[in-house]
1. Would you pick out the residues in region A:14-44 that are near DNA strand D (Cβ under 10 Å from one of its atoms) and of a type in the set (Asp, Glu)?
2. Answer yes or no as to whether A:Glu78 is charged (D, E, K, R), farther than 26 Å from A:Ala172 by Cβ, modelled with pLDDT of 95 or more and away from DNA strand D (no atom under 15 Å from the Cβ).
3. Check every one of the helices (runs of 4 or more DSSP H) wholly within region B:1-67 and list those with 2 or more residues that are within 24 Å of the chain's Cα centre (by Cα) and over 22 Å from B:Cys104 (Cβ atoms).
4. Suppose the filter is assigned to a helix (DSSP H, G or I) and more than 10 Å from every other protein chain (Cβ to nearest Cβ); does B:Thr89 pass it?
5. Of the residues A:Ala75, A:Ala123, A:Ala134, which is within 17 Å of A:Ala20 (Cβ to Cβ) and assigned to a helix (DSSP H, G or I)?
6. More than 8 Å from chain A (Cβ to nearest Cβ) and in contact (Cβ under 8 Å) with a residue 24 or more places away in the chain - does that describe any residue in region B:173-180?
7. Checking A:Ala71 against (1) more than 12 Å from DNA strand D (Cβ to nearest atom); (2) surrounded by 13 or more Cβ atoms within 10 Å (Cβ to Cβ); (3) not acidic (Asp, Glu), which test does it fail?
There are 2 protein chains.
Amino acid sequence: MKVSKEQSSANRQAILETAARLYRERGIGGVGVAEITREAGFTHGGFYGHFDSKEALAAEACELAFAAPLARLNATLEKHEGDATPYITNYLRTQHRDKPGEGCPMPTLAIDAGREPGLVSDAVTQGISGYLKAFASHRPDGSVTEAPEAADKARAVVVLSALIGGMVLARATSSAAPALSDEILAILQEELSTFWKNG
Amino acid sequence: MKVSKEQSSANRQAILETAARLYRERGIGGVGVAEITREAGFTHGGFYGHFDSKEALAAEACELAFAAPLARLNATLEKHEGDATPYITNYLRTQHRDKPGEGCPMPTLAIDAGREPGLVSDAVTQGISGYLKAFASHRPDGSVTEAPEAADKARAVVVLSALIGGMVLARATSSAAPALSDEILAILQEELSTFWKNG
DNA sequence: TGTACATCAGTGAACGCGCGTTCACTGATGTAC
DNA sequence: TGTACATCAGTGAACGCGCGTTCACTGATGTAC
């Protein structure tokens with residue numbers, strides 16, 4: 001049965017949001033088109049009316065998955081006058097570790113992006129650039145720059161790498177060594193905040 | 001046709017090594033039992049004479065994938081009297097980025113380990129602990145300790161997180177933004193070496 | 001505003017394919033005599 | 001040392017299943033009059 005144009009584009013959006021969540025939880029290869037459409041409330045037959053292929057969906061879902069977290073980073077930096085430590089502390093919470101579907105897409109999707117070139121790789125690279133730009137354009141002293149210098153870029157790369165790597169390690173160890181997992185997060189909260197302020 | 005015991009256990013080892021390589025390249029979910037056995041020179045029918053299941057192979061392959069890199073880390077630390085900077089610089093080479101199958105298992109397998117509890121998760125957690133212990137027991141001044149203090153653990157966690165996260169980022173961006181990918185590695189080589197020495 | 005009909009969003013069965021796993025079979029290995 | 005035979009490592013066909021994708025169909029939407 002047909003459905004109104006508004007309803008149809010809302011349905012498309014529902015599929016996209018479901019995909020963005022499931023892909024972050026289990027990776028792009030780990031979730032099928034049928035499961036995504038079912039979870040969004042539909043059958044899989046109508047999927048190709050909305051998207052050209054699974055890869056096209058994955059690319060759009062990656063963009064969507066980056067949008068909110070990146071906006072949140074910029075908002076947090078704005079609010080705290082360039083101080084990234086609240087963002088760092090928040091990123092490294094156990095709640096973020098335990099709910100990958102609603103968090104930062106990088107610790108899961110960046111690995112998928114690295115496997116082969118394509119739309120997903122492009123979208124993720126775009127997202128990573130956005131994150132780096134956001135960090136690099138804010139200095140610990142609160143000033144904002146449009147043209148980050150080497151030291152600004154360096155600070156951004158170190159902090160972002162450690163956030164992502166730390167989250168990957170915390171998630172990998174959370175079931176077999178929960179105390180270690182918590183410790184990794186706690187140490188990084190402290191160390192990266194210090195690093196952000198003192199270089 | 002039957003085969004001698006020595007040959008059979010060599011065949012088992014060949015399957016294991018092939019798996020350790022392919023899993024690092026494309027993730028555990030991205031490679032099938034048939035492809036692994038074929039690449040190792042056999043048909044897939046004999047697989048279950050060597051391993052109970054794909055998961056059992058994956059767990060053993062993870063252990064194997066950690067063994068050589070971890071031994072190399074300890075050897076390098078030994079050789080350079082606790083100075084981790086040669087290891088850091090070597091880890092962050094473009095060659096390592098471009099050949100995941102022969103390198104550190106963490107940037108690929110730690111994500112698989114984080115998805116669900118099980119044998120793989122246990123093996124990877126073991127490997128991560130080994131890496132952290134190796135880093136933490138060596139101090140920048142060249143001394144070695146069996147009981148790392150908070151500062152030693154902190155240094156280990158930051159360096160390992162940034163190594164892994166940096167490699168994930170470098171691999172994700174290498175096809176869509178190769179210059180950025182190279183820059184990430186170069187920055188981290190410099191910054192993490194400095195961090196190791198100066199805290 | 002009301003009616004007749006073309007459009008097309010979503011359904012559900014079907015496609016070929018590769019997955020992990022099983023199994024009857026083969027024939028070289030290795031043991032018993 | 002030589003022969004007869006049980007063992008069992010590896011083969012290749014087959015299993016049920018879920019994958020991405022296609023398609024004839026349905027029936028509400030939205031347009032033409």
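The values are calculated or read from the model by the stated rules, or taken from the named source; none is laboratory data. Just so it is clear, the structure is predicted and the values come from calculations on it, not from any experiment. FYI the Cβ positions are ideal-geometry reconstructions off the backbone, even for glycines, and counts take in every protein chain you see.
1. Across region A:14-44, the qualifying residue is only A:Glu35.
2. Numbers: charged (D, E, K, R): yes; farther than 26 Å from A:Ala172 by Cβ: yes; modelled with pLDDT of 95 or more: no; away from DNA strand D (no atom under 15 Å from the Cβ): yes.
So A:Glu78 fails the test.
3. Working: elements: B:5-26, B:33-39, B:47-50.
Once the helices (runs of 4 or more DSSP H) in region B:1-67 are filtered for at least 2 residues that are within 24 Å of the chain's Cα centre (by Cα) and over 22 Å from B:Cys104 (Cβ atoms), what remains is B:5-26, B:33-39.
4. Details: assigned to a helix (DSSP H, G or I): yes; more than 10 Å from every other protein chain (Cβ to nearest Cβ): yes.
Yes, satisfied.
5. On the way: A:Ala75 fails: within 17 Å of A:Ala20 (Cβ to Cβ); A:Ala134 fails: within 17 Å of A:Ala20 (Cβ to Cβ).
From the options A:Ala75, A:Ala123, A:Ala134, the qualifying one is A:Ala123.
6. Taking region B:173-180 first, the residues more than 8 Å from chain A (Cβ to nearest Cβ) are B:178-179.
Cutting the leftovers down to in contact (Cβ under 8 Å) with a residue 24 or more places away in the chain gives us none.
No, because not a single residue in region B:173-180 is more than 8 Å from chain A (Cβ to nearest Cβ) and in contact (Cβ under 8 Å) with a residue 24 or more places away in the chain.
7. Condition not satisfied by A:Ala71: (2).
Conditions (1) more than 9 Å from DNA strand C (Cβ to nearest atom); (2) farther than 22 Å from B:Asp112 by Cβ; (3) among the aromatic types (Phe, Trp, Tyr); (4) without any contact (Cβ under 8 Å) to a residue 24 or more places away in the chain, marked per residue:
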{"residue": "A:Lys2", "(1), (2), (3), (4)": "no, yes, no, yes"}
{"residue": "A:Ala20", "(1), (2), (3), (4)": "yes, no, no, no"}
{"residue": "A:Glu25", "(1), (2), (3), (4)": "yes, no, no, no"}
{"residue": "A:Ile36", "(1), (2), (3), (4)": "yes, no, no, yes"}
{"residue": "A:Phe47", "(1), (2), (3), (4)": "no, yes, yes, no"}
{"residue": "A:Ala58", "(1), (2), (3), (4)": "yes, no, no, no"}
